[in-house]
Amino acid sequence: MPGVRTVLGLLAALAACGAVAFLGYCVYFDRKRRGDPAFKRRLREKRRTQQRKAEGRGAQLWDTAKNEKLQQLFLQEVRMGELWLSRGEHRMGVEHLSNALLACGQPQELLKVFKHTLPPKVFEMLLRKIPLICQQFEADMNEQEYLEDDPD
């Protein structure tokens, strides 16, 4: 009956042979892949398409038509917030004012204006609403990026 040392020695030798075979397999196919003339072409094309996507996203951010729509959305949300507040519906007013904060290019400045113009109770409601809005905005942006990346 073979001893424990003999069995362990055989297992260690077998593991070493398996590791050497796996590394040889990796090296062989890596050389084969790098030696393929179409590999570099495909790699360059892939990098170019990624760069075009990144440039396209940057161009979308500075699209003037989108900026005008964003301005209109901002003004509409401020008007709706003022309307709801004038009717005494503070929750709906805060909802629209928080949407205006999302659409605003300078939210800190807008918050300063709100601090001086809104009643303290409403301003506190707005401040409590901001983290929830930010979380919702991030979730929406992540979902939009996921949908843009999805090939289907």
>> Which count do you get for residues in segment 1-25 that are under 41 Å from the mean Cα position of the chain (by Cα) and open to solvent by less than 60 Å² (accessible area, probe 1.4 Å)?
In response: 2
>> Can you find, within segment 97-128, the residue that is modelled with the lowest pLDDT among those that are closer than 18 Å to Leu73 by Cα and assigned to a loop (DSSP other than H, G, I, E, B)?
In response: Gly105
> What are the pairs, 6+ residues apart or on separate chains, where a residue within segment 84-96 that is on the phi < 0 side of the Ramachandran plot has its Cβ under 8 Å from a residue that is open to solvent by 40 Å² or more (accessible area, probe 1.4 Å) and β-branched (Val, Ile, Thr)?
Replying inline: none
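The values are calculated or read from the model by the stated rules, or taken from the named source; none is laboratory data. This is a predicted model, so every value here is computed, not measured. Because the Cβ atoms are built from the backbone with ideal geometry, glycine has one as well, and the counts that use them run over all protein chains shown. Only protein heavy atoms, including side chains, enter the accessible area calculation; ligands, DNA and RNA are left aside. Shrake-Rupley method; radii C 1.70, N 1.55, O 1.52, S 1.80 Å.
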